[in-house]
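Asks: Got a structure here, written out as structure tokens. Questions coming.
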Amino acid sequence: MTSIDRDRLAALIDRERAAYRDRFPRSRDAFAAAGQHLLGGVPMTWMRMWSGGFPLYHATASGARLTDIDGHEFIDFCLGDTGAMAGHSPAAVRAAVSRRYAELGGATTMLPTQDAAWVAAELTRRFKVAHWSFTLTATDANRWAIRLARQLTRRPKIAVFSYCYHGSVDETFIVATEEGPRKRAGNVGAPVDPRETTRVVEFNEPAALERELSHGDVAAVLMEPALTNIGIVLPEAGYLDAVRELTRRHGTLLINDETHTFSAGPGGCTAAWGLEPDMVTIGKSIAGGIPAGAYGLTAELAQRILADPAADIEDTGGVGGTLAGNALSAAAMRATLGEVLTDEAFDAMIAVATRFTAGVRSVLDRCRLPWTIAQLGARAEYRFCPEPPRTGGQSQAAADTELDEYLHLYMINRGILMTPFHNMALMCPATTDADADAHTAVFAAAADDLLG
Ligand SMILES: Cc1ncc(COP(=O)(O)O)c(C=O)c1O
């Protein structure tokens, strides 16, 4: 295996940083001017995580293409970190949104529209669980699924996997270490120590899950069927069956968070792998970029929660959101699921992702780089370790901020946008084989430059 010369890498990062500063002067100036009243100089503080010292400013976007305010065009594999998995402003969603907002009028009224019931039926067709409710974000879908699980089981805790990400859900910022569970570093203003609310285990370790569930105090396991937020960590053969068997045996509900794993197919991993969760949560992409999330539960659980005299799910019971289920989001979800992220669209997206993955793999083999790439349907991600990581902890250990910065800047300076927090690439229905090949060519050039 080829080893990385760190001095060479540092020099290349300097070169790419300088090129970035020179190439995007309008974005640089816009960022400098925005600092006065925006917290951290950006509309949302995670936008500071783009490499290069300032983010690009977005001007226009369509399908898999995005342009910045300096007039450069990018092939967008970031796709709003999955929010734009349907592609940017697909025609069907554009029409549905403008019809709802401009022609019919009324984005939010506190009244149902008929679109929501259509969407719930479609989500049931795809993800199997029978009853759905809506939120504006995947974070809220998870928060509310957790609350329902606690109410239904009368148990206080949840269980999650080390280095999971389920949005800004307090209970989930916890990692497993050799010294026991610890709050995740940097957690801002946590209401309580997450060890009070949460048990945490490594992914792909059924014995650890069994140990934690045997305490009998876990309402639900909240999981991505494959981890996608610490690189992609795929489940080993039989692991998800073991999770299901253990949760059933210990009276613990199973919540599949399909927000990112939706990339596996029209019904996410739940349908692609024949899983049987008690609840499913999803968000980000289901409304073509318009804010919307959803959580679904089985008919049996739905009946129990509706009949529970101690559960106020209508008023002040902690489940809600004035704009949740609004008419605009519902119209956008209907158009996205009905006309854009269709069963057929996934076949094409996954084929492009397979080509993307093969392209990267051919470069890794040719250059004998000790890195790996994992694919989950329409999504792929490279990681800086020779073997695919089995657990979140292993994947975290393979993080390399210098290589991340180098590759991000190299790509962005050559018209390719990757997800800023890691090296994730997502295909939308408009992404083409030529786009995947363009990435392979730039990735190959980055590898060749790195190796000298
Ligand atoms: C698996 C998963 N669930 C939930 C969320 C939260 O999504 P949002 O920030 O849109 O609420 C994310 C965000 O990255 C996610 O990856």
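Asks: Show me 187-198, 82-93, 35-46 ranked by packing, highest mean number of other Cβ atoms within 10 Å first.
Replies: So the order, starting with the most tightly packed, is 82-93, 187-198, 35-46.
Asks: Normalised by the number of residues in the range 281-411, what is the relative contact order in percent for Cα pairs under 8 Å and 6+ residues apart?
Replies: Here the relative contact order equals 16 percent.
Asks: Which one, Thr298, Ala32, Ser98, is farthest towards the positive end of the dipole of the chain when Lys and Arg carry +1 and Asp and Glu -1 on their Cβ?
Replies: Ranked along the dipole, the leading option is Ser98.
Asks: May I ask for the distance between the Cα centers of the range 61-120 and the range 305-373, given as a whole number of Å?
Replies: About 14 Å separates the Cα centre of the range 61-120 from the one of the range 305-373.
Asks: Please work out the FRET efficiency for the pair Leu306 and Leu451, using the Cβ-Cβ distance as r and a Förster radius of 45 Å; give the result to the nearest 0.05.
Replies: The computed FRET efficiency comes out at 0.15.
Asks: Using C-alpha positions alone, give me the convex hull volume of the range 366-420 per residue in cubic angstrom.
Replies: 110 Å³
Asks: Students often check this: by mean Cβ neighbours within 10 Å, which of 154-160, 360-366, 241-247 ranks highest, and how do the rest follow?
Replies: Put in order of decreasing packing, that is 154-160, 241-247, 360-366.
Asks: Using Cα-Cα distances under 8 Å and only pairs 6 or more residues apart, what relative contact order does the range 138-188 have, in percent?
Replies: Normalised by residue count, the contact order of the range 138-188 is 28 percent.
Asks: Dipole magnitude of the range 379-444 about its Cα centre, charges +1 at Lys/Arg Cβ and -1 at Asp/Glu Cβ only, in debye to the nearest 20?
Replies: The dipole magnitude comes to about 140 debye.
Asks: Something else: Rounded, prolate or oblate for the range 188-314? Axes are the square roots of the Cα gyration tensor eigenvalues, ordered a ≥ b ≥ c, and the cut-off for rounded is a/c under 1.5.
Replies: Because its axes are fairly even, with a/c under 1.5, the range 188-314 counts as rounded.
Asks: Give me the percent of DSSP beta bridges within the chain that run antiparallel, rounded to the nearest 5.
Replies: Percent antiparallel among DSSP bridges in the chain is about 65.
Asks: Got a sec? Charge dipole of the chain, +1 on Cβ for Lys and Arg, -1 for Asp and Glu; which of His166, Leu240, Thr440 is way out at the positive end?
Replies: Of the candidates, His166 comes out farthest on the positive side.
Asks: At what distance in angstrom do the alpha carbon centres of the range 137-194 and the range 413-452 lie from each other?
Replies: Each part reduced to its Cα centre gives a spacing of 33 Å.
Asks: Another one. What is the gain in length, in nm to one decimal, between Arg15 and Ala237 on full extension, counting 0.36 nm per residue of separation less the C-alpha to C-alpha distance?
Replies: That pair, Arg15 and Ala237, stretches by 75.5 nm at full extension.
Asks: Over the chain, what is the mean sequence separation of C-alpha contacts under 8 Å (at least six apart), divided by residue count, expressed as relative contact order in percent?
Replies: Worked out over the chain, it gives 24 percent.
Asks: Also: So if each residue of separation counts as 0.36 nm, and I subtract the Cα-Cα distance between Ala434 and His37, what length gain in nm does that give?
Replies: 138.8 nm
Asks: For the range 122-133, take each phi angle, set θ = phi - 60°, evaluate the Karplus expression 6.51 cos²θ - 1.76 cosθ + 1.60, and give the result in whole Hz per residue in order, putting x for glycine and proline.
Replies: Calculated HN-Hα couplings, in order: 5, 5, 5, 4, 7, 10, 6, 5, 8, 10, 10, 9 Hz.
Asks: Share of the chain's accessible area from carbon and sulfur, percent, 1.4 Å?
Replies: 53 percent
Asks: Sorted by packing (mean other beta-carbon atoms within 10 Å per residue), highest first, where do 103-109, 282-288 land?
Replies: 282-288, 103-109
Asks: Farthest toward the dipole's positive end in the chain, which of Thr261, Ala307, Ala219, given Cβ charges of +1 (Lys, Arg) and -1 (Asp, Glu) about the Cα centre?
Replies: Ala307
Asks: Using 0.36 nm per residue, how much length does the chain from Met1 to Glu179 gain when fully extended, once their Cα-Cα distance is taken away?
Replies: Working it through step by step, the gained length comes to 60.8 nm.
Asks: Rounded to the nearest 20 Debye, what is the dipole magnitude of the chain about its Cα centre when Lys and Arg each give +1 and Asp and Glu each give -1 at the C-beta?
Replies: Using only the charged Cβ atoms, the result is roughly 400 debye.
Asks: For the chain, report the accessible area per residue in Å² (1.4 Å probe, heavy atoms, rounded to an integer).
Replies: 42 Å²
The values are calculated or read from the model by the stated rules, or taken from the named source; none is laboratory data. Source: prediction; values computed, not measured. Using ideal geometry, Cβ is built from the backbone for each residue, glycine included, and neighbour counts are taken over all protein chains shown. Side chains included, ligands, DNA and RNA excluded: accessible areas come from the protein's heavy atoms. Shrake-Rupley method; radii C 1.70, N 1.55, O 1.52, S 1.80 Å.
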